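Below: the structure, in structure tokens.
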Amino acid sequence: MIWLVVLLFVLIILRVPIAFGLGFVSIIGIMLTDPGLLINVPRKVFSGLDNFTLVAVPLFILAGEIMTKGGISKRLIDFSKTIVGPLPGGLAMVVVLASVFFSALTGTAIAAAAAIGGMMIPAMNREGYDVRFSASLVATAATIGPIIPPSIVLILFGVIASVSIGDLFIAGVIPGLLMGIGLMGYSYYVGKKNNYRSSDRRATFKEIVIGAKDAILALIMPVIIIGGIVSGIFTATESGVIAVVYALIIGMFVYREISIKDLWPIMLSTAKTTAAIVFLIGTASLFIWFLSYNQIPNQLIDMMGSISDDPILLLLIINIILLIAGTFIDTISAVSIFTPLFLPLILAAGIDPVHFGVVMAVNLTIGMVTPPLGVCLFVTSSIAKIKVPKMFNYLFPQIIILIIILLLITYIPKLVLFPVGFLE
């Protein structure tokens, strides 16, 4: 039955939507093994969606939409300029710092690339930055979005792998910050090398405090979410409700960037995105059941032999597979496909599933800036009005930085698990 997994990847290469591919392969496999089991197909699809934790997905998507349109990005960028603007490569560092802040509000890379790129790429052009560098940096900085909580990717992994969403959220903080620090270091290097320096003077402590005051209402949201989960006041799912209510209050009554008439397109966009994800989760659940019924994970373990007993080698092979897959499969789909395939392997090797979940998330988000798919690249290239290949000279060093961070968190599990154990 391994050949059915191969068939799935053939369908993906042929551009068949992932959700349809998962459903098609599962149904074909069931017909070939035991046609009488076809009666279970609707039940398995529904049971995969009958999970209270999944309520968090549309809630965080909605909160992100409200935050994106609620004037948050401008305030975060202004605050970031106050902190690092005058340094060499200051505006580039603003992009990364603003992406870290914005990620903690929306949890999506595409939203960060669009919101921050729309404001910062023209500003960097006016300051004399190479547009190829600007566009590539906005794209890579946006990959921090699915790592720093809240994260749709980590929620999906947690549901499929039956892992605590709260633990995954906490575990994603340090890797996300490391990605930000790495990209800020590269921005400083490029700024120093090319003499990209803003003429603005260094902000005083008073100016930093004033800037923080304007952005504090946005910055406090992730603190509320993580603090509430850790303290046990509410669950990770309930935190989505808190995020939506908080975003509405800030966007409508404090910043006053959103009106009642703006809510319909926001809700419509949320519904479309959620529908696509939910359909994918349903067919992924059918696929997971099919794999388990035919003991395909056990067959993979047998095929890999002694490799499955060596955590170091196993993680290396999985990282390579995911890095390659991320170049042509979108992140949400890749989590749905590879989690049920790899989870039995990593459990057999004694690898913590929380650690693996964050490693998988970082791995697949790198694919968001890796050609040929690289959705964030297409977002920023359209804003910068340049072709994606023109970014490659600056893009590849940034990807190397992200891969180095991936290897660090892969082989130093404490970087991921320390906050989880510390806060328990």
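Near the amide H of residue 164, within less than 5 Å, lie no amide hydrogens of residues on another chain or at least 5 residues away, with H placed in the peptide plane.
Based on C-alpha pairs under 8 angstrom that are at least 6 apart in sequence, the chain has a relative contact order of 26 percent. Remark: accessible surface ordering of 264, 3 (largest first) is 264, 3, probe radius 1.4 Å. Beyond 31 Å in Cα-Cα separation lie the following of the pairs 81/193; 74/385; 272/385; 81/272; 193/414; 192/390: 81/272; 193/414.
Every Cα-Cα pair of the stretch 80-188 was included, and the share exceeding 21 Å stands at 34 percent.
Under 17 Å from a point 7 Å along the Cα-to-Cβ line of residue 47: which residues of the stretch 321-344 have their amide N that close? Answer for this model: 340. When you filter the trypsin sites (Lys or Arg not before Pro) in the stretch 233-297 for DSSP loop state and at most 13 other Cβ atoms inside 10 Å of their Cβ, you are left with 256. Based on alpha-carbon atoms only, what is the radius of gyration of the stretch 209-265 relative to the globular estimate 2.2 N^0.38 Å? Scaled against compact globular proteins, the figure is 1.28. Most tightly packed first, judged by the mean number of other beta-carbon atoms within 10 Å of their residues, the peptides 275-283, 357-365 read 357-365, 275-283.
Note on the stretch 1-141: the alpha carbon radius of gyration divided by the globular reference 2.2 N^0.38 Å gives 1.55. All Cα-Cα distances of the stretch 315-423, cut into 5 Å bins from zero to the largest, leave 2, 12, 21, 21, 17, 12, 8, 5, 2, 0 percent in each bin in turn. Calculated [222 nm] ellipticity per residue, helices only, for the chain: -25000 deg cm²/dmol; basis is -39500 (n - 2.57) per DSSP H run with n ≥ 4, divided by all residues, nearest 500.
Once the chain from residue 127 to residue 272 is taken as fully extended at 0.36 nm per residue, the excess over their C-alpha distance is 48.4 nm.
Above 40 Å, the calculated P(r) of the chain contains 16 percent of its Cα-Cα pairs. For the stretch 1-29 versus the stretch 120-167, the spacing of their alpha-carbon centroids is 29 Å.
Taking only the alpha carbons of the stretch 1-63, we obtain Rg and Dmax values of 14.8, 44 Å in that order.
The values are calculated or read from the model by the stated rules, or taken from the named source; none is laboratory data. In this text, all values refer to a predicted model and were calculated from it rather than measured experimentally. Heads up, the Cβs are rebuilt from the backbone with ideal geometry, glycines too, and the neighbour counts pull from every protein chain shown. The protein model used for the area step is the full one, side chains on, heavy atoms only, and it has no ligands, DNA or RNA in it. Shrake-Rupley method; radii C 1.70, N 1.55, O 1.52, S 1.80 Å.
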